[in-house]
1. When the stretch 39-57 is examined, which residues are found to be within 21 Å of Leu137 (Cβ to Cβ) and surrounded by fewer than 18 Cβ atoms within 10 Å (Cβ to Cβ)?
2. Looking at (1) without any contact (Cβ under 8 Å) to a residue 24 or more places away in the chain; (2) farther than 21 Å from Val33 by Cβ; (3) in a loop (DSSP other than H, G, I, E, B), find the lone condition where Asp157 falls short.
3. Please state which one of Lys19, Lys69 is closer than 20 Å to Leu120 by Cα and over 14 Å from the mean Cα position of the chain (by Cα).
4. When you check Tyr88 against the structure, is it of a type in the set (Ser, Thr, Tyr) and surrounded by 13 or more Cβ atoms within 10 Å (Cβ to Cβ), yes or no?
5. With respect to the numbered conditions (1) assigned to a helix (DSSP H, G or I); (2) in contact (Cβ under 8 Å) with a residue 12 or more places away in the chain; (3) out of contact with any helix residue (DSSP H, G or I) (no Cβ under 6 Å at 6 or more places or on another chain), which one is the sole condition not fulfilled by Arg106?
6. Every residue in the stretch 114-137 that is in a loop (DSSP other than H, G, I, E, B) and over 18 Å from Leu7 (Cβ atoms), please.
7. Which one of the conditions (1) within 16 Å of Glu128 (Cβ to Cβ); (2) free of Cβ contacts under 8 Å to residues at least 40 places away in the same chain does Val62 fail to meet, given that it meets all the rest?
8. Residue by residue through the stretch 1-38, note down the ones that are surrounded by 14 or more Cβ atoms within 10 Å (Cβ to Cβ) and of a type in the set (Asp, Glu).
Amino acid sequence: MEINITLISFGYFEEYFLKNVAEAVKLEFHASVNIKEGHLDLSEFYDPVRRQYNGVKLLKEVDILFGSKDTKTLGLFSVDLFIPILTYIYGQAYLNGRTGIASLYRLSNERYGMNSNDKLIIDRFIKEAIHELGHTLGLIHCHIPSCVMRSSTYVEDIDQKSANICLKCHNEMKSILTGGS
């Protein structure tokens, strides 16, 4: 089964950055990947008390306005996301759904008082994009430490895992995509 993926950038991302993410996603899922630009008034999703953007509402809006039944869509952002039960999130997706979101905001070293590292931020964002797209393809969190589907609470968790789906998750995804056959 051919997987079609659309990455939609909301806000400014360098072209080389988007191309790196798209290429990694294409290789991991053996999918066709398109990059598009999207526009939303993010002020509607801003919570002034938390000074963050509501990921639940943002994901729903991306799904309504940009989701497609034939494509897995991932909205790419650079704002600080939260969901009501967590202080912050790197991204989220509808499990076995058509859309997800991922944010660059908390992935940069500068946020943690360290020197900037462009390669590391791209690597982190690639892992987050693949992780959220994995959820749209029906994958849940994995307990294998190196699997990209392992849950990440801190950027160090992201750094410790690979950008690849483990064999167990790969087989699970294949089963889901082929209807269990």
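Values quoted throughout were computed directly from the atomic coordinates according to the rules given, and no laboratory measurement underlies them. Small disclaimer: the values here were computed from a predicted structure and weren't measured. Counting neighbours? That spans all protein chains shown, and the Cβs are built from the backbone with ideal geometry, glycine included.
1. Once the filter is applied, which keeps residues that are within 21 Å of Leu137 (Cβ to Cβ) and surrounded by fewer than 18 Cβ atoms within 10 Å (Cβ to Cβ), the stretch 39-57 yields only Val56.
2. (3)
3. It is Lys19.
4. Yes, satisfied.
5. Among (1) assigned to a helix (DSSP H, G or I); (2) in contact (Cβ under 8 Å) with a residue 12 or more places away in the chain; (3) out of contact with any helix residue (DSSP H, G or I) (no Cβ under 6 Å at 6 or more places or on another chain), the lone unmet condition for Arg106 is (1).
6. Across the stretch 114-137, the qualifying residues are Met114, Asn115, Ser116, Asn117.
7. (2)
8. Scanning the stretch 1-38 gives a single hit, Glu28.
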